[in-house]
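S.K.: Below you will find the structure I want to go over with you.
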Amino acid sequence: MTWRDRILGIWRLFNSPSRHHSLMFLTLGGFIAGIVFWGAFNTTLEATNTETFCTSCHEMKNNVFAELKSTIHYSNRSGVRATCPDCHVPHQWTSKIARKMQASKEVWGKLFGTIDTREKFLNHRRELAEHEWARLKANDSLECRNCDNYSSMDITRQSPRAGAIHERHLLSGDKTCIDCHKGIAHQLPDMAGVPQG
């Protein structure tokens, strides 16, 4: 039997009406298969949404994760810590799926060694940062606002300069978190020629 005959046989099996099973059996079987598929898909999705997964690549562990460890987002007086997915993966399901699809491009970078050394990483750092800043700007710094909500800020407890800037820009809506807080969790790339906001 050739491959063509086998493929045609499988096609006929799935394309012809069932002779041995009832519609109820087939519906129930499809429902159970759907639950199993959804469970496996969601489990895989959540497994790729952990700091352990993100830092399993030495490119992340030795570069940006090492930098994060020295910031207030990693260690602070309250013990609340932001992990990689908190800032880089949207919480809403549809946006999360879109981001995961976008991140699949980053897998190619891993496979082809685009940033597999510190030198290569530093050469691409500004481009990588600009992509992330543009994403955060486009969604009004949604991931920042999941933890740092303006309506919960007590501006009187901030420094006078920070309070005035937050009042002016956040209330008017002309700027979003990432406009002023680039480099808060990771070192800035070479910013020569970039106007500071």
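S.K.: I'm trying to understand the selection: among the residues of segment 65-80, which are surrounded by 15 or more Cβ atoms within 10 Å (Cβ to Cβ) and either in contact (Cβ under 8 Å) with a residue 24 or more places away in the chain or more than 16 Å from the chain's Cα centre (by Cα) (or both)?
M.R.: Result: Leu68, Thr71, His73.
S.K.: Test each condition in (1) surrounded by 12 or more Cβ atoms within 10 Å (Cβ to Cβ); (2) free of Cβ contacts under 8 Å to residues at least 12 places away in the same chain; (3) under 30 Å from Phe41 (Cα atoms) for Thr83 and report the one that comes out false.
M.R.: (2)
S.K.: Inspect all residues belonging to segment 121-138 and state whether any of them is more than 26 Å from Lys61 (Cβ to Cβ) and in a helix (DSSP H, G or I).
M.R.: The answer is yes; a qualifying residue exists.
S.K.: Now, a different point. Inspect all residues belonging to segment 52-60 and state whether any of them is in contact with a Lys or Arg (Cβ under 7 Å, 6 or more places away or on another chain), modelled with pLDDT of 85 or more, of a type in the set (S, T, N, Q) and surrounded by 11 or more Cβ atoms within 10 Å (Cβ to Cβ).
M.R.: yes
S.K.: Which members of segment 15-64 meet the condition of being more than 20 Å from the chain's Cα centre (by Cα) and either among the charged types (D, E, K, R) or not in a helix (DSSP H, G or I) (or both)?
M.R.: The answer is Ser16, Pro17, Ser18, Arg19, His20, His21, Ser22.
S.K.: Additional query: Does any residue in segment 149-171 that is assigned to a helix (DSSP H, G or I) come within less than 7 Å, Cβ to Cβ, of a residue that is aromatic (Phe, Trp, Tyr) and surrounded by 10 or more Cβ atoms within 10 Å (Cβ to Cβ) six or more places away or on a different chain, and which pairs are these?
M.R.: Leu170/Tyr150
S.K.: While we're looking at this one, here's another question. Looking only at segment 19-51, which residues are surrounded by 11 or more Cβ atoms within 10 Å (Cβ to Cβ) and small (Gly, Ala, Ser)?
M.R.: Gly29
S.K.: Evaluate the following for Ser104: is it part of a helix (DSSP H, G or I), out of contact with any Phe, Trp or Tyr (no Cβ under 7 Å at 6 or more places or on another chain), surrounded by 14 or more Cβ atoms within 10 Å (Cβ to Cβ) and of a type in the set (Ser, Thr, Tyr)?
M.R.: Here the answer is no, as Ser104 does not meet what is asked.
The values are calculated or read from the model by the stated rules, or taken from the named source; none is laboratory data. What you are looking at is a predicted structure, and each value in this text was computed from that prediction instead of being measured. All Cβ positions, glycine included, derive from the backbone under ideal geometry; neighbour counts span all protein chains shown.
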